[in-house]
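The values are calculated or read from the model by the stated rules, or taken from the named source; none is laboratory data. All values reported here derive from a predicted model rather than from experimental measurement. Positions of Cβ are backbone-derived with ideal geometry, glycine not excepted, and every protein chain shown enters the neighbour counts. The area values use the complete protein model at the heavy-atom level, side chains included, leaving out ligands, DNA and RNA. Shrake-Rupley method; radii C 1.70, N 1.55, O 1.52, S 1.80 Å.
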Amino acid sequence: MIYNHLEKTLNGYNWDDGFTIPKKILGNPHCDLALALKIFYLADGFAYLDGFAEKTKSKEWEQFIYSLYTDIWSNKYRKNRRPYKIPLTKVQKYKFRKKQVPEIFLTDL
């Protein structure tokens, strides 16, 4: 029930409003890996992984996305049975693997 509320809040969130709500969702004990990855990609995690974020994003975004990347990579969020399909093509995944992006960001749950 709580998870569904978190997901509903995220799905209706306007990213122009900053990062307060996504941070609250990520800080909730019911937030799992699927939801954290969804937030990562909704927050333009692709730009972060591709390395062209330095020129296009704000400092607030850089801090948010770096912190989230680090938390996901260090297994802060538990893996549940909830699925998440990584929103990347096979070619994008291949290129990121060549860049040695961690598999946790490239593998569907």
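The table that follows gives values for the structure above.
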read-out	value
Spin-label model distance (nm) - Y3 vs D44, 7 Å beyond Cα toward Cβ	3.0
Per residue accessible area in Å² of the chain, where ligands, DNA and RNA are left out and the probe is 1.4 Å	64
Net charge dipole size for the chain [Lys, Arg +1 and Asp, Glu -1 on Cβ; Debye, nearest 20]	480
Cα→Cβ-extended label distance, 7 Å offset, between R97 and K79, nm	1.6
Value at 222 nm in deg cm²/dmol, rounded to 500, when DSSP H runs of n ≥ 4 in the chain each add -39,500 (n - 2.57)	-15500 deg cm²/dmol
Which of S74, T20, Q100, positive extreme of dipole for the chain (C-beta unit charges)	Q100
Lysines whose Cα lies under 21 Å from that of K85, excluding same-chain neighbours fewer than 8 positions away	K8, K38, K76, K93, K95, K98, K99
Apportionment of accessible area to carbon and sulfur, the chain, percent (1.4 Å)	54
Viscosity 0.890 mPa s, 25 °C: Kirkwood-radius Stokes-Einstein D of the chain over Cα pairs, µm²/s	171
Computed accessible area, R82, all protein chains, 1.4 angstrom probe, square angstrom	90
